[in-house]
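Visitor: Take this structure first; my questions come after.
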Amino acid sequence: MRTFGNMIKCAFCFALLAFLCCQYAAASSFQFTKIIDTSAIFPGQGVNFDNFSWAAPNGAGSVAFMGRILIEHSYWDLVYLYTDGGFRVVADESTIMPGSSVPFTQVLFNGALAFDGDKLAFGGWNNFIDVNGRRGIYEYSLSSETLSKVVDSTDMIPGIPGQNFFSIQAGQPEGPRLSNGHLAFSDRSWDYGNGAYAVVGEEIQVSANRSTPMPGTSGNFHTAVAMGIDRDGTVLLWGIDPLPHTDRGLFTQNGDTISRIVGTDTIIPGGSETFEGMGSSHIDEGIISFIGYGQIGQTIEHEGYLFYDIHSGIYTFSEGTLEKLIDVNDPLPGLSGEFMKITAFDAPAFHEMSFHNGNIVFEAFIDRDGDPYNESFEAAIFTNLGGSMTKLLAPGDMIDGKTVRDIGMGGDALRGDEIALTVSFTDGMSAVYLVTAETAPVPEPGSFILLGIGLLGMLAWARMHRI
């Protein structure tokens, strides 16, 4: 005969099963793996690395970064790669530029590394060949260990007869972006070639330049910059109109269609003012994320200096909806203090960001001493990788027994579930770290509610059916 005690046990088992099957939230901690530091000796030169910058992961355990070494009173900049437990020199000032017979005299200027899967892209030049030097975008394949030219100043700009890329002394390739084999880059030549371009397959295509009509205006783009490229080849552009440069914004380009996303007439979500400008921006799987800032607010004079109140934040645009992710009025995730709101410089608190697979990592200036006029310009790194938004790293934190002084990140710092950072310490050492999230399942509050409901329901059933 079944007893009431047995009914209780049965009820508990069923309710526990419901509890275990319910949704879980993720609580994150982070694993910091040191890739290299400035105690390392550069192969073949017998000197230590001086510093590192622009670290970028590929989402599969490999990390690319720029290293600097001092040789005979002259700095060498080089693109270095950690993969399969070892290191490779991708390009330095002894590497022959693909498509020429001379070496690079500079690599990774005025731009960043772009790393995606098997492909690594960067900018480089030689000052001493051709009339104004040779500049270009180059791509390295991890699997074949080969370096090739994507585009350089010997190539013609599509649709502009007689005009080469990067054709004047100040003309530089800028910020290559990679996604799913597609590449986007910018030409900052300040002539009709000044614009954004994409390489889809092996074909160089114009995304927008000074011959391209700018949506929302009656004229053409004065400047167009490739901010990112999506997995389907859609290019994210930043653009500005001709003098007096009153209109600027973000646009997408796919085929013959250029669409305006946000501009200086767009109301900032959660406020009443319009955007003044946009900073670091990304596109991934149709979702656009960007740093945006409003008009300079109240000008404040303090002890003989002028300070500015600037509203800034990170925003997303998806399926026609513009939303705020975080801004200066939100509390610091995982830290005491607040985001920097008042500054002596015309610069927003949010400095750099990277976005991939719906996750974000960003760098922001913070105020932890409660004095908005004491600008220490501490910059901390935050992310939502592995769960809710939280602090990843800040000055004063400890890694490997060392105290963090400064942290650096680039626009390609996040790929998949990996983050790459450069870190300098108070003892003068610097290092490159690969960061991954370690998630532990934590029941959401709703899980406990389900447990209680399950218990009550089963107890009621037991009471009705006991004999």
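Bear in mind these aren't lab numbers, they're just calculated from the coordinates by the rules spelled out. Source: prediction; values computed, not measured. Positions of Cβ are backbone-derived with ideal geometry, glycine not excepted, and every protein chain shown enters the neighbour counts.
Visitor: Return GLU72, GLU323 ranked ascending by Cβ neighbour count within 10 Å, so the fewest neighbours appear first. Spell out each step's value before the answer.
Guide: Numbers: GLU72 6, GLU323 10.
Result, fewest neighbours first: GLU72, GLU323.
Visitor: Along the Cα→Cβ direction, 7 angstrom out, place labels at ARG88 and ASP232. What is the inter-label distance in nm?
Guide: 3.2 nm
Visitor: With a Cα-only, solvent-free Debye model of region 43-177, what are the log10 I(q)/I(0) values at q = 0.21 Å⁻¹?
Guide: Debye output, listed in q order: -1.30.
Visitor: Relative to the compact globular guide of 2.2 N^0.38 Å, what is the alpha carbon radius of gyration of region 95-260, as a ratio?
Guide: In units of the globular-protein estimate, region 95-260 measures up at 1.00.
Visitor: For PRO57, what is the net charge nearby, where nearby means another residue's Cβ is under 12 Å from its Cβ and Lys, Arg count +1, Asp, Glu -1? Mind showing how you got there, number by number?
Guide: Working: positive: ARG415; negative: ASP116, ASP412, ASP417, GLU418.
Here the count lands on -3.
Visitor: Once label points are set 7 Å from the Cα along Cα→Cβ at both GLN295 and ASN357, what is their separation, rounded to one decimal in nm?
Guide: A separation of 4.2 nm, rounded to one decimal place.
Visitor: How would SER143, SER430, SER53 line up from fewest to most surrounding beta-carbon atoms within 10 angstrom?
Guide: SER143, SER53, SER430
Visitor: Summing Lys, Arg as +1 and Asp, Glu as -1, what charge do residues with Cβ under 13 Å from the Cβ of THR246 carry, THR246 excluded? Working shown, then result.
Guide: On the way: positive: ARG248; negative: ASP241, ASP247, ASP265, GLU276.
Net charge around THR246: -3.
Visitor: Next question. Per 0.36 nm of contour for each residue apart, how much would the distance between THR246 and ASP406 grow if the chain were fully extended, relative to their Cα-Cα spacing?
Guide: Value of the extension gain: 54.0 nm.
Visitor: To the nearest 0.05, how large is the calculated FRET efficiency for GLU145 and ASP256 if R₀ is 45 Å and r is the Cβ-Cβ distance?
Guide: Values: r = 38 Å, r/R0 = 0.85.
The pair GLU145/ASP256 has a calculated efficiency of 0.75.
Visitor: Mind listing P(r) for region 389-437? All alpha-carbon pairs, 5 Å bins, whole percents.
Guide: 5, 20, 32, 25, 13, 4, 0
Visitor: Would you mind getting me the FRET efficiency between VAL131 and SER272? Use the beta-carbon distance for r and R0 = 60 Å, nearest 0.05.
Guide: Details: r = 52 Å, r/R0 = 0.87.
Efficiency for this residue pair is about 0.70.
Visitor: Please arrange ARG248, ARG177, ARG134 by counting, for each residue, the other beta carbons lying within 10 Å of its beta carbon, fewest first.
Guide: Numbers: ARG248 19, ARG177 27, ARG134 22.
Listed from fewest to most nearby Cβ atoms, that is ARG248, ARG134, ARG177.
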